[in-house]
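The values are calculated or read from the model by the stated rules, or taken from the named source; none is laboratory data. Just so it is clear, the structure is predicted and the values come from calculations on it, not from any experiment. All Cβ positions, glycine included, derive from the backbone under ideal geometry; neighbour counts span all protein chains shown. These area figures cover heavy atoms from the full protein model, side chains too; ligands, DNA and RNA do not enter into them. Shrake-Rupley method; radii C 1.70, N 1.55, O 1.52, S 1.80 Å.
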Amino acid sequence: MEAIFNRTSIRKYKEKPVEKEKIEKLLRAAMQAPSAVNEQPWEFIVIENKETLNKLSGMSPYSKMVANSAVTFVIVANKDKLRVSDAWQQDLGAATENLLLEATYLGLGAVWLGTAVSEENMNFVKKLFKLPENIIPYAVVPVGYPDQNSTVVDRFNEDSVHYEKF
């Protein structure tokens, strides 16, 4: 539970690679997420190459930190795996959150960059990685060892809780 309450968005990273075993743990955590009828529609592109990271950092004005990440995960949905066509964003959201929480647990920093929220971002990723038609970009998650101090904010808001009625 500590990872849930200590997770923050980290956008600055040290010049230090993330170990292969930690990359695998991040992927395993992501793939442990629940999904509709257990369809597991997620797939992952793992990028460590600096040239590719630099290109990917051009996805939007908010993705510049990708260039300085040690590793970035592009999380995509495979339409061929969908049995519940409207659930893929929930499935990939759960996988992305698992990856973020595991990053915190492993002492890494990460930030969730929405891709499916923007047709322009989706097209950028599709073109950069030459994705086939059945692959839908969902999120880009840069990861690295944090090179910033961050303050955890308690987001609990009692006014947002309703018992038995709204």
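Odds and ends about this structure:
- Screening residue 67 against (1) under 19 Å from residue 50 (Cα atoms); (2) in contact with a helix residue (DSSP H, G or I) (Cβ under 6 Å, 6 or more places away or on another chain); (3) part of a strand (DSSP E or B) leaves a single unmet condition, (3).
- Test for residue 103: is it more than 23 Å from residue 150 (Cα to Cα) and either touching a Lys or Arg at 6+ places or on another chain (Cβ under 6 Å) or buried (at least 16 other Cβ atoms within 10 Å of the Cβ) (or both): no
- Residue count for the stretch 81-116 satisfying the condition of being under 12 Å from residue 40 (Cβ atoms) and assigned to a helix (DSSP H, G or I): 6.
- Odd one out for residue 113, checked against (1) within 18 Å of the chain's Cα centre (by Cα); (2) surrounded by fewer than 19 Cβ atoms within 10 Å (Cβ to Cβ); (3) closer than 26 Å to residue 39 by Cα: (2)
- Output for the stretch 23-40, where each listed residue is over 15 Å from the mean Cα position of the chain (by Cα) and either open to solvent by less than 60 Å² (accessible area, probe 1.4 Å) or among the acidic types (Asp, Glu) (or both): 35, 36, 39
- Candidates 9, 35: the one that is under 21 Å from residue 135 (Cβ atoms) and hydroxyl-bearing (Ser, Thr, Tyr) is 35.
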